[in-house]
Amino acid sequence: MDDNVKTPGKKSWMRWLWGNMQGHRVMYVIAILMTVVYNIMQLIVPYFSGEIVSLFQEAARTGTPLSEKLDEFILNLVLMVGLTLVRITIVYFTCMAYEYVSQHTLYKLRNFLFDKIEHQDMNFYNEYRTGDLMTRLTGDLDAVRHNVAWVIKSVVDSFALFVATAIYFFIMDWLLALCILSITPLLFLVILKFKHASAEKHRILRDKLSGLNTDAQENISGNRVVKAFAREEYEKEKFNRSNTSYAEANMDTQRTWLKYFPVIETFANLLPVILLLAGGLFIINGRIGIPEYVSFSMLIWAVANPMRQLGNIMNEFQRFAAASKKVMEIYNSQAGIVSKPDAVKHPDRFKGLIEFDHVSFGYEGGSVPVLRDINLKIEPGQTVAIIGETGCGKTSLIHMIPRFYDPENGIVKIDGIDVKDYELTDLRHNIGLATQDVLLYSDTIEGNIAYGDSSLSQDEVVKYAKYSAAQEFIDKMPEGYDTIVGERGVGLSGGQKQRISLARALAIKPSILILDDTTSAVDMETEKHIRDSLSELDFNCTKIIIAQRISTTKYCDKIFVMGGGRIIEEGTHKELCAKGGYYANLVSLQTGLELRSITG
Ligand code: DGT
Ligand code: MG
């Protein structure tokens, strides 16, 4: 578990749900009250049936013709049917209210959770897999909705019906009521045991579902690699394993339920038997009459059904418990990198002075430090290059500037102020970043370029596409700027994606532009075009370019050479060539010239 994620359960699930029902609480309470009311009204039919039977009996006993009791008979009948219609109407509106509140709670929670996930830092994304987060946003949240709409309603349903019937039974005849209800404590014990047994099963089941979704998601997004290596069969088997494991967990959960179900069902079926035995005896000894017996037998389902239902409710509740834990974990999580309460508001542009002061950094769970005592200074408007062997920490270094990660030691400053002191959005709005792994959205090319500033005019979009040498290939596309690029930019070449990503970074007119290996996949001519455009930008901008090619670094104001997480060389192309170190060696390698001729 990530340190910056608070453990769930600080609030009980009930308080948590209640908090999230804000705005709909009154409706929910009314729905619960109405649930009690319509369950009490279930007694109407048996009550009036008893009354009608009494009428017949009395008529038979006294020898009065039934026609004389017709009014009373009809009144009882009308009341029975009329009140039943009222009850059905209440049930209808109550169900609507549960659905309404549950859907609104789900909607609110889903937005809240999405917002939480959006604002998390990189450590969070390293911790949670996409498939798992998707499960939380879909299946888990639906279990929460189901709890509001069905589980809680069913508890109230069962409880109200059971209690109302029990009271009615006691009023009619306490001894027979006691006989019938004598088995309920035993039933509760069974349900309690089932609750413990099923909790763990549902937890496992939920994790298996998350695993299944993660496998499917990773496989679908990585389909090109699967195809390239012709690993379809292998992936099919892998998915099949997850699927089997999920199906087995499902079976296991059901088996637990099926183990307890016959016991619960037996208890429920014992009730009519007890009624038959005890009720029969009580009629014989004159303790109760036939009308009472009729009412008892017409209502015996009203105690039997809640008993049956309780097992089912418990099963669903455990599903909710497992899911809500996952939802609440994200709900209560806190991003480690946030703006300070007293953060400096900086809506204007930065001048662009960047300083690293003894900066060290290591990834969570990583064994070695990735950045070691980095000191550097980049003047406003300068174009600097960072070069170094793969894995030496270049990307990690530039990720300190927009605060994707914070240093362990040392300070990163922009315009003389610690980046931690800026409002996070102000800081990031000022930085245009073209990341090493280009990710484009399933949107038009224009939409992708204008991603950071949706108010951008079409002319401006074209201007930035020209700057990044993308104009030509976009024009050649059948729909031009309206061409929809697939998920992650499917349909474009690596170099084309890089150029759109560069246009996107430029389009926000950043005061600091960071290009992480952004021209690695473009040809030399295009690279020159981009280099020229970058030197002619119509806004002030400090540029940091991570590159592997000398052709890119050569024209920069300054070059920082990294090795093993440190800056090992620093200077202009000329100075570094003269030094005869790592950079000079690189020049010799890339140009095919002798090192001697480079160092002069
Ligand atoms: P490149 O892009 O291949 O030229 O390499 P650099 O110089 O951009 O390397 P960088 O900063 O991505 O990685 C430096 C080291 O940090 C390397 O050993 C891999 C490790 N590393 C990078 N990203 C992560 C991460 O998210 N988590 C962990 N634990 N380690 C990471
Ligand atoms: Mg990198």
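Taken together, the values in this text are just the output of simple stated rules run on the coordinates, not laboratory data. As the structure is a prediction and not an experimental result, all values here were calculated from the model. FYI the Cβ positions are ideal-geometry reconstructions off the backbone, even for glycines, and counts take in every protein chain you see.
Worth pointing out:
- In the structure shown, the pairs Lys345/Lys463; Lys227/Lys528; Lys227/Lys476; Lys326/Lys394; Lys153/Lys326; Lys116/Lys345 are assessed against 32 Å; a Cα-Cα span above that value is assigned to Lys227/Lys528; Lys326/Lys394.
- In a fully extended conformation the segment linking Leu537 and Lys351 would gain 65.5 nm over its present Cα-Cα distance, using 0.36 nm per residue.
- Average Cα contact separation per residue, segment 440-516, under 8 Å, 6 or more apart, as relative contact order %: 46 percent
- Fraction of alpha-carbon pairs over 34 Å apart in segment 354-599 - percent: 18 percent
- Karplus-derived 3J(HN,Hα) values for segment 137-151, using 6.51 cos²θ - 1.76 cosθ + 1.60 with θ = phi - 60°, are 6, 10, x, 5, 5, 5, 5, 5, 4, 4, 5, 5, 7, 10, 4 Hz; glycine and proline are entered as x.
- Protection proxy ranking, peptides 180-189, 194-203, 312-321, average beta carbon neighbours within 10 Å, highest first: 312-321, 194-203, 180-189
- Amide hydrogen neighbours beyond the local backbone of Ile386, cut-off 5 Å, H modeled: Ile545, Ile546, Ala547, Phe560
- Label point distance in nm, Lys325-Glu389, each placed 7 Å from Cα along Cα→Cβ: 4.6 nm
- For Leu85 and Ser455, the difference between the fully extended length at 0.36 nm per residue and the C-alpha to C-alpha distance is 127.4 nm.
- Rounded FRET efficiency, nearest 0.05, which uses the C-beta distance separating Phe188 from Ile274 and R0 of 22 Å: 0.80
- Ratio of Rg to Rh over segment 307-405 (Cα coordinates, Kirkwood Rh, two decimals): 1.27
- Scanning residues 5 or more positions from Glu569 or on other chains, those with amide H under 5 Å from its amide H are Val561, with H placed 1.01 Å from N in the peptide plane.
- Residue-wise HN-Hα couplings along segment 516-528, as the Karplus relation 6.51 cos²θ - 1.76 cosθ + 1.60 with θ = phi - 60° gives them from phi, are 9, 6, 6, 10, 5, 9, 9, 6, 4, 5, 4, 4, 5 Hz; Gly and Pro carry x.
- Dipole magnitude (debye, nearest 20) for the chain, charges at Cβ of Lys, Arg, Asp, Glu: 1240 debye
- Cα-Cα P(r), segment 1-117, percent of pairs per 10 Å interval: 11, 26, 19, 15, 12, 9, 5, 2, 0
- Normalising the average separation of contacting C-alpha pairs (under 8 angstrom, six or more residues apart) by the number of residues puts the relative contact order of segment 354-599 at 24 percent.
- Estimated FRET transfer efficiency when R0 is 45 angstrom, pair Leu175-Glu232 (beta carbons, to 0.05): 0.05
- Length gained when the stretch Phe56-Asp373 is fully extended (0.36 nm per residue, less Cα-Cα span): 104.2 nm
- Descending semi-axes in Å of segment 247-341, equivalent ellipsoid built from Cα gyration tensor: 49, 18, 7
- Descending principal axes extents, segment 409-515, alpha-carbon based, whole Å: 50, 26, 20
- Sum of -39500 (n - 2.57) over DSSP H runs of 4+, divided by residues of the chain (222 nm, nearest 500): -19000 deg cm²/dmol
- For segment 13-332, Kirkwood radius (reciprocal of mean inverse C-alpha pair distance, Å): 23.4 Å
- As a proxy for reagent exposure, ranking Cys556, Cys95 by other Cβ atoms within 10 Å from fewest up yields Cys95, Cys556.
- Estimated vicinal HN-Hα couplings, Hz - segment 332-346 in sequence order (Karplus 6.51, -1.76, 1.60; Gly, Pro = x): 8, 6, 10, 5, x, 9, 9, 6, 6, x, 9, 4, 6, 6, 9
- Within-13-Å neighbourhood charge of Trp174 [Cβ basis; K, R +1; D, E -1]: -1
- Counting other Cβ atoms within 10 Å as a rough exposure proxy, the listed residues Leu270, Leu205 run Leu270, Leu205 from fewest neighbours to most.
- Degrees, to the nearest 10: 232-274 long Cα axis against longest axis of the chain: 20 degrees
- FRET efficiency, 1/(1 + (r/R0)^6) with R0 41 Å, evaluated for Ala216 and His358 via beta carbons: 0.35
- Label zone at Arg241, where the point sits 7 Å out along the Cα-to-Cβ direction: segment 215-229 residues whose backbone N lies under 14 Å: 215-216
- Cα-based values for the chain, radius of gyration first and Dmax second, are 36.2, 133 Å.
- Sorting Cys179, Cys577 by the number of Cβ atoms found within 10 Å of their own Cβ, with the fewest placed first, yields Cys179, Cys577.
- Relative contact order (%) - the chain, alpha-carbon pairs under 8 angstrom, separation at least six: 14 percent
- For segment 20-74 versus segment 236-286, the gap between their alpha-carbon centres in whole angstrom: 31 Å
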